[in-house]
Amino acid sequence: MPVKVAVYAGKPAVLAYEFLDPLRHFGLPFSFLSDEELVKLPSYDVLLVPGGYTGNYIPSMGSKGVRTLLEFVEGGGGYVGVCAGAYVAGLLKLVKSEPVRVEGIGWVEIEVRKPDHPVMRGY
C-alpha cells in the first residue's frame, strides 16, 4: 500500500507546489492541506512542509492545527521539512535544533528520534 502524503499548503507555504513533480514522478498519492484542513492529518502517513514565510507558519496553523500536527508526529506520523519547513520543525521542538541562518551550503547535524519509524526504512 503506498504511503499517503499530505503537503502543508497553508498561506505562508508559498513553495508547496514545488512538491508536485517529485510526488507525481514517484506515483505517490497526496493532498494539499490548508491551515483549516490540518485536522485531516491523522488520515495520512507523512506531512511534507515546504519553504515559505517561516515566521508566519505557526500563527497561520493556529493552536488547533499545531496541536494536530504535534499529536500526528508523536503518534508516529512522518514529518519532512524543507527550507522553512525544517525551521518550523525546530520551532515546534520536533527536532533538537538551534536555527541558524547562514548563506551558502554546509553540514547540519540532525538527530533521528525514532530510527525504527517506517519513514526511515532503507536508511
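Could you give the size of the charge dipole of the stretch 5-120 about its Cα centre, using +1 on the Cβ of each K and R and -1 on the Cβ of each D and E, expressed in debye and rounded to the nearest 20?
Magnitude of the dipole: close to 180 debye.
Cross-chain or 8 or more residues apart, Cα under 18 Å: how many lysine pairs in the chain fit that? Count them up, please.
For the chain, qualifying lysine pairs total 7.
Could you tell me what fraction of 2.2 N^0.38 Å the Cα radius of gyration of the stretch 26-67 comes to, as a two-decimal ratio?
With N residues counted in the stretch 26-67, Rg over 2.2 N^0.38 Å equals 1.23.
Using only Cα atoms, locate the centre of the stretch 43-65 and the centre of the stretch 83-97, then give the distance between them in Å, rounded to an integer.
Answer, in whole Å: 11.
Could you line up Val80, Val49, Val7 from fewest to most neighbouring Cβ atoms inside 10 Å?
If I rank by nearby Cβ atoms, fewest first, I get Val80, Val7, Val49.
Quick check: convex hull of the Cα atoms in the chain, volume per residue, rounded to a whole Å³?
So the per-residue hull volume is 119 Å³.
Taking the Cα-to-Cβ direction at Leu23 and at Ser43 and moving 7 Å from each Cα, how far apart do the two end points lie in nm?
1.5 nm
Output ³J(HN,Hα) for the stretch 85-92: one whole-Hz value per residue in order, computed from phi by the Karplus curve 6.51 cos²θ - 1.76 cosθ + 1.60 with θ = phi - 60°, and x for Gly and Pro.
x, 6, 4, 4, 4, x, 4, 8
Since every read-out is calculated from the coordinates, none of them should be taken as a lab result. These numbers were taken from a predicted model, which means no experiment stands behind them. With ideal geometry, Cβ positions are generated from the backbone for all residues, glycine too; neighbour counts draw on all protein chains shown.
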